[in-house]
Amino acid sequence: MNEDIIAKFAQHHRGPVIARTHPEYEEARKLYNAMIDKRPLVIARCADAADVMAAVSFGRDSRLPIAVRGGGHNGPGFGSVDDGLVIDLSMMKGVRVDPAKRTVRVGAGCLTGEVDHATAAFGQAVPFGVVSTTGVSGLTLSGGHGYLSRQYGLAVDNLLEADVVLADGTFVTASEAENADLFWALRGGGGNFGVVTSFLFRSSPAAIIYGGPIIFDLADAGPVMRWYRQFQPSAPDEFCIFLALQTVPPGDPFPKEHWGKKMCALVVCHNGPIADAEKAVNAARAALPKPIIDWAQPMPYPVLQSLFDPLLPKGLQWYWKGDFVNSLPDAAIDRHIAHAAKVPSPVSGMHLYPIDGAVHRQRPDATAWSYRDTTWSMVIFGVGPDPAMAPALKEWTRGYWAAVHPFNLPGAYANFMMDDEGEARVKAAYGDNYQRLAAVKKKYDPSNLFRVNQNIRPAA
């Protein structure tokens, strides 16, 4: 590979092609997770599907390892690759809402907040995650759970079709009616099968919700968590609460007297009539200890989605581990609290996201995302700004996970896994659907061109 070959490729590529000598290279190669430092050979910023087709063919024919970057939020750094090609979709930002059909067409480089902004004008939303800076592509292809999942299902449950560039450079559309096997695999199987250039989602009503954090001192975490394990599985679908064990951030808008306190938080989202929502949240308040902060109130859904964005800018050190969780016995609660008390930085912590309601009403084999009968998706995350903290962040996260994993299921949400999990954990993440995914992989990517991911190997 030399500059002449890269220059020839750039002639057939409308978007910028950034090699190592390019003045923007150092900035372009930066990742959301600054704990990971990779030096790709070429970064191809794609302007459209034609650019993606050209980039896939260039990478394949040049025998380069290929990484695909959508919104760039990937925790384990799969949006880049050393000495290879990064297919960067961040310029592909279009969002088109069809209010009559209640659908939204989304470019592969969009962030979830950009889609929320477009759909909110029509009182609609797609069920994505809980941070508006998350990329639509990575979140969706691995399942996508968040505030609206109990009511409307996962992001993949609301995906109607996807445009995909395959390993051979051809362009196809995948839906229930067209390339149905590929469509099944895309809904949870990650970026293993091709480069998705656009998504068509179903949207659903979400305008003013009743939401926000209710924060308790960590001393009250035991009763709060015991209440939560009873409440959430039987709550109405429109009432979602995720549980967090963290630290009160030392800065505005948090009250100064609580800065740095270890906390247990319930982050509420009730997407029903406001009077009903307030009544339901007040009933929960009455059953719980007195909070130190209570900011749950009516707000536009996009406000809740972006509420925690300022705490999580690009360029922090990240290390996380996840599990699916069926139950939360007292012994597990005790271990959670013990490790939360030793959290290594103000942004580190643990979240439990509900996986029930509408998610349970799909068959386990309806999509590649197979954990339809679990109760929560757990993530433990060590996060901080200082590279010198990286070893401590990893040690705390791994120790916390090792302590609670015996109470949990074998697999985890693929988006909550790092690049050091191993093949057994990848197989556990896909469960009983793994062999079917491997067969689809063999059909659409037999040489495993798309392997910079939580990789599904082609069936033998």
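Quick notes on this structure:
- The chain, relative contact order in percent, only Cα pairs under 8 angstrom and at least six apart counted: 16 percent
- Cross-link check: pairs 394/441; 256/290; 256/342; 321/342; 262/394; 314/441 evaluated at a Cα-Cα cut-off of 25 Å; pairs beyond the cut-off: 394/441; 314/441.
- Cα radius of gyration and Dmax for region 1-160 (Å): 16.9, 54
- Rolling a 1.4 Å probe across the protein heavy atoms gives region 9-158 an accessible surface of 35 Å² per residue.
- When the convex hull of its Cα atoms is projected in every direction, mean area for the chain (nm²): 20.7 nm²
- Remark: region 38-127 is approximated by an ellipsoid whose semi-axes, taken from the C-alpha gyration tensor as √(5λ), come to 30, 14, 8 Å, largest first.
- Globularity ratio of region 1-77, using Cα Rg and 2.2 N^0.38 Å: 1.08
- Summarising the label geometry, the points placed 7 Å from Cα in the beta-carbon direction at residue 395 and residue 39 lie 3.0 nm from one another.
- Applying both filters, DSSP loop and at most 14 other Cβ atoms within 10 Å, to the trypsin sites (Lys or Arg not before Pro) of region 63-126 gives 63, 93, 101.
- Rg/Rg_ref, region 95-182, where Rg_ref = 2.2 N^0.38 Å and atoms are Cα: 1.09
- Beta bridge orientation in the chain: antiparallel %, DSSP, nearest 5: 90 percent
- When the square roots of the Cα gyration tensor eigenvalues are ordered a ≥ b ≥ c, the ratio a/c for region 336-460 is 1.5 or more and a/b does not exceed b/c, which makes its shape oblate.
- Loop-located GluC sites (Glu not before Pro) in region 81-190 (DSSP state other than H, G, I, E, B) with a sparse environment of at most 11 neighbouring Cβ atoms within 10 Å: 176, 178.
- Under 5 Å from the amide H of residue 71 lie the amide H atoms of 135, 136, 137, 138, each residue being 5 or more positions distant or on a separate chain, with H modelled from the backbone and absent for Pro and chain starts.
- Rounded to two decimals, the Cα radius of gyration of region 215-346 over 2.2 N^0.38 Å is 1.09.
- The overall shape of region 218-258 is oblate: from the C-alpha gyration tensor, with semi-axes ordered a ≥ b ≥ c, the ratio a/c is 1.5 or greater and a/b is no larger than b/c.
- Helix-only [θ]222 nm of the chain, DSSP H runs n ≥ 4, -39500 (n - 2.57) each, per residue, nearest 500: -8000 deg cm²/dmol
- Extended-chain gain in nm, criterion 0.36 nm per residue less alpha-carbon gap, residue 177 and residue 303: 41.8 nm
- Antiparallel DSSP beta bridges within region 1-158, as percent of all bridges there, nearest 5: 50 percent
- Anisotropy class of region 299-372 from Cα gyration tensor, a/c 1.5 cut: oblate
The values are calculated or read from the model by the stated rules, or taken from the named source; none is laboratory data. Source: prediction; values computed, not measured. Reconstructed Cβ throughout: ideal geometry from the backbone, glycine too, with neighbour counts over all protein chains shown. Heads up: the accessible areas ignore ligands, DNA and RNA and are worked out on the full protein's heavy atoms, side chains in. Shrake-Rupley method; radii C 1.70, N 1.55, O 1.52, S 1.80 Å.
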